[in-house]
Amino acid sequence: MKLALDAMGGDKAPEEIIKGAIAAVKKFPCEIVLVGDEGKIQSFLESEDVKNLPLTIRHAGEIISMREHPADAVRTKKNSSIVVATEMVKSGECDAVLSAGSTGAAVAAAQLILKRIHGINRPAIATPMPTLKGVTLLLDSGANIDSKPEHLEQAAMMGAIYAENVLGKKNARVGLLNIGEEETKGNEQAKETYALLKNLRDINFVGNAEGRDIPAGNFDVVVCDGFVGNVVLKFGEGFAHMIFKLIKEELGVSEHVDAILASPTIRNLVKRLDVSEYGGAPLLGVDGYCVISHGSSNAKSICSAIGVAVDYVNSKIIERIKSMLD
């Protein structure tokens with residue numbers, strides 16, 4: 001498997017991106033093409049032990065920043081790292097593209113270059129959220145902020161396929177994020193979406209999901225528009241960070257703080273709440289494999305995201321989505 005990695009995307013690029021790639025090729029069965037400024041990438045690689053590792057470089061002299069209009073930048077910056085990396089998937093040279101840069105640019109590049117799967121109106125970012133019962137897939141978490149009911153219906157279908165084939169959630173329980181569990185609750189978007197999901201035979205729709213149902217793990221897939229999903233995602237990340245900080249502050253008064261922090265119980269708790277364990281989120285609905293990572297991703301997150309990309313490609317989700325739509 002060959003992956004195109006946007007080496008210039010992210011707050012900690014290119015160093016942490018390259019470190020993550022080095023770790024990933026030692027862990028997963030893949031080859032990685034580092035796309036970006038060849039001089040900067042090569043300069044960093046010279047300080048690392050990468051001999052005989054399946055890493056290559058593809059030069060791309062431009063970068064799309066967070067401040068630029070995504071679609072306009074993708075159209076005008078043909079030599080940007082995210083555009084070049086996405087084109088490599090379109091041409092068949094690579095199996096998937098991964099970026100921790102501008103989410104808007106990654107989504108725009110995927111839609112403009114890879115195109116949407118026939119029958120899908122809007123793609124959706126599917127983010128795995130740590131819960132008391134494992135992982136809940138939240139989508140959309142940022143691709144579209146003004147989704148129509150039919151877009152959420154399609155997201156539910158794609159999310160159920162991904163949850164079953166990648167996360168191992170057989171007969172995945174699908175919920176619609178709402179302010180109450182009753183069918184009559186919510187705004188017009190929620191009510192109309194509920195009616196659509198209730199009549200779907202291809203998924204296991206079990207009703208409305210409230211905010212507290214996500215950390216409780218009461219659903220395997222939770223559907224909402226990208227505006228709400230992104231707020232939920234970032235609240236969850238911030239809350240987990242607060243918990244870690246409070247634990248450290250409280251343990252700071254203990255004489256045995258180092259021993260406590262090193263205990264298997266605490267290490268396991270940190271691992272379960274650590275978003276870097278999941279690393280990346282697939283962009284479902286485009287006709288090509290694309291994984292999007294958080295802008296603050298470190299090497300560990302990038303390595304995990306590459307693992308997500310490997311599983312995503314191996315699962316043949318795109319073919320399964322197409323079959324469901326036929």
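The values are calculated or read from the model by the stated rules, or taken from the named source; none is laboratory data. Here the structure is a predicted model, which means the values were calculated and not measured. Cβ sites come from the backbone with ideal geometry, for glycine too, and all protein chains shown count toward neighbours.
Observations on the structure shown:
- Yes/no for E183 being closer than 13 Å to K148 by Cα, surrounded by fewer than 18 Cβ atoms within 10 Å (Cβ to Cβ) and not polar (S, T, N, Q): no
- Being among the small types (G, A, S), in a strand (DSSP E or B) and at pLDDT below 95 is a condition met by no residue of the range 108-130.
- Identity of the residue in the range 132-164, surrounded by fewer than 20 Cβ atoms within 10 Å (Cβ to Cβ) and β-branched (V, I, T), that ends up modelled with the lowest pLDDT: I145
- Tally of residues being out of contact with any Leu (no Cβ under 8 Å at 6 or more places or on another chain) and either in a helix (DSSP H, G or I) or farther than 23 Å from K169 by Cα (or both) across the range 188-208: 5
- A single entry from V232, V174, V222, V228 fulfils the requirement of being closer than 20 Å to V308 by Cβ, among the aliphatic types (A, V, I, L, M) and either more than 16 Å from the chain's Cα centre (by Cα) or part of a helix (DSSP H, G or I) (or both): V232.
- Residues located in the range 80-104, provided they are assigned to a helix (DSSP H, G or I), among the small types (G, A, S) and at pLDDT below 95: G104
- Here the range 86-131 is the region considered, the condition is being without any contact (Cβ under 8 Å) to a residue 40 or more places away in the chain and surrounded by fewer than 20 Cβ atoms within 10 Å (Cβ to Cβ), and the residue that is farthest from D6 (Cα to Cα) is N121.
- Restricting the range 165-180 to residues that are surrounded by 15 or more Cβ atoms within 10 Å (Cβ to Cβ) and in contact with a strand residue (DSSP E or B) (Cβ under 7 Å, 6 or more places away or on another chain), the residue that is farthest from G119 (Cα to Cα): N178
- Any hit, the range 133-142, residues being of a type in the set (S, T, N, Q), part of a strand (DSSP E or B) and touching a Pro at 6+ places or on another chain (Cβ under 9 Å): yes
- Enumeration of residues in the range 175-191 that are of a type in the set (D, E, K, R) and at positive phi: none
Okay, residues lined up against (1) touching a residue at least 40 places away in the same chain (Cβ under 8 Å); (2) crowded, with 24+ Cβ neighbours inside 10 Å; (3) touching a His at 6+ places or on another chain (Cβ under 6 Å):
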residue	(1), (2), (3)
M1	yes, no, no
M8	yes, yes, no
E16	yes, no, no
A24	yes, yes, no
I32	yes, yes, no
E38	no, no, yes
L55	no, no, no
G61	no, no, no
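- Any hit, the range 189-204, residues being more than 26 Å from K316 (Cβ to Cβ), surrounded by 24 or more Cβ atoms within 10 Å (Cβ to Cβ) and in contact with a helix residue (DSSP H, G or I) (Cβ under 8 Å, 6 or more places away or on another chain): yes
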